[in-house]
Every structure is written in C-alpha cells, then in structure tokens.
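One structure is given here, and the rest of the page talks about it.
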Amino acid sequence: MKSLLMLLAVLGLAILAHAQQPSCREGYRQCQAQDRTSPFYYRCGGGQWSLYTCGNGYTCSVGGGTGAACVPSAPPIRQPACIDGQRRCAGPGNDGLYYLCSGGAWKIYTCGNGYECKQTGPLQAVCSAAAPQCQSGTQRCGGQWPGQYYSCDNGRWQQNSCNPGDRCVNIPGDLINCAVGK
C-alpha cells in the first residue's frame, strides 16, 4: 500500500511538471539568458525544448523570425589599469619612489634626494622633504658587532665600524669612542 501511494505521488509530480512546461513551436528558439551573456539557447523540436550552444565567440540574442539568434559576442570592455594623473607611493622601503599613471599604465618615478613620497588620499600622492632621522654629527653605538656604530650625515644614519678588534663605547654629547680591545 505504501509503495502504491509513493508511485502515485511520483506520477502526479511528473504529470504536474509536464503540464507546467510551456508548449513550443517547431524550430522556435529561446535564449537561456535575456542579457546576451550566455551562449546557450533552447530550440523546439518534436514539441519539446532542447538545450544548444551558439559556439565559441557567439552569444544568444533575442529577436529574429525564430525568436532568437546566435550573434558575435560583444568584445569585453577593457578597463584601463589606471587613470592618467593618478599617483601612489611605491610602498615600505621605497620611500622616495612613486607610481604615476600615464597612458593608462603605471610608471615608476623617484622623488629625488632628500624627498619622500607621502600618500595624501586614494590614488593621490606628493613628494615632500623627508623628515630628518637624526641630527647631523651625532653618533650612536649599534649594529651586529661590538665595533659597529652609526653616524648621522645630512639627517640619515650611516653605518660605520671601528678598527678590527676595537669596540664602540657611547660617550656624552651623542658621540662614540672606539676603545682598544674588548
């Protein structure tokens, strides 16, 4: 009894599904999508819709005597990589470099000695005088080895070394002394 009820339910769904399918005219075509983005279409044959494809480089377009036709695909709209005049800084470790959009492509430029790139907004950047890291003439011990130190030259730290075997000692006045021995 249970299997008979199940069979009747399945048959009822099949009849309902068949009744909901619209009938078709022989040879008539209908696009799967109405916005010319799909190469697929349905074609009526023997009273039933069958799925077909337009082929490479073609999409289905509504219109024509049979309802739809395969037409050449519209070429994709190529967006430029950027808009001329846009600027962006090159990023960390490249403070003096920036990209400028020219002819729809990014090209790299340098701000020049003593200048760094500052991002002022989305795709807006300017080169401005770099803030000094240190005061010229100051010195500090540091580095990988006991004899290494840094000297400030034109607002930037430069790494230096004492003579081999000597070690660096900080002395008052932001200066160093290379002491003999360890």
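The values are calculated or read from the model by the stated rules, or taken from the named source; none is laboratory data. For clarity, every value in this text was computed on a predicted model and none was experimentally measured. Every residue, glycine as well, gets a Cβ built from its backbone with ideal geometry; the counts of neighbours run over all protein chains shown. These area figures cover heavy atoms from the full protein model, side chains too; ligands, DNA and RNA do not enter into them. Shrake-Rupley method; radii C 1.70, N 1.55, O 1.52, S 1.80 Å.
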| Of the residues that make up the stretch 34-53, is at least one farther than 30 Å from Leu100 by Cβ, among the acidic types (Asp, Glu), at pLDDT below 85 and open to solvent by 40 Å² or more (accessible area, probe 1.4 Å)? | yes
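A quick yes/no check of all residues on (1) within 30 Å of Trp49 (Cβ to Cβ); (2) in contact with a Gly (Cβ under 8 Å, 6 or more places away or on another chain); (3) free of Cβ contacts under 8 Å to residues at least 40 places away in the same chain:
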site	(1), (2), (3)
Ala68	yes, no, yes
Gln86	no, no, yes
Ala90	no, no, yes
Asp95	no, no, yes
Ser128	no, no, yes
Gly143	no, no, yes
Gln148	no, yes, yes
Asp153	no, no, yes
| query | For the stretch 105-156, how many residues meet the condition of being in a strand (DSSP E or B) and either open to solvent by 80 Å² or more (accessible area, probe 1.4 Å) or under 30 Å from Gln86 (Cβ atoms) (or both)? | reply | 22
| field | Matching residues, the stretch 115-147, being within 31 Å of the chain's Cα centre (by Cα) and not aliphatic (A, V, I, L, M) | value | Tyr115, Glu116, Cys117, Lys118, Gln119, Thr120, Gly121, Pro122, Gln124, Cys127, Ser128
| message | Among the numbered criteria (1) modelled with pLDDT of 85 or more; (2) touching a Ser or Thr at 6+ places or on another chain (Cβ under 8 Å); (3) within 30 Å of Gln119 (Cβ to Cβ), which one does Gly104 miss? | response | (2)
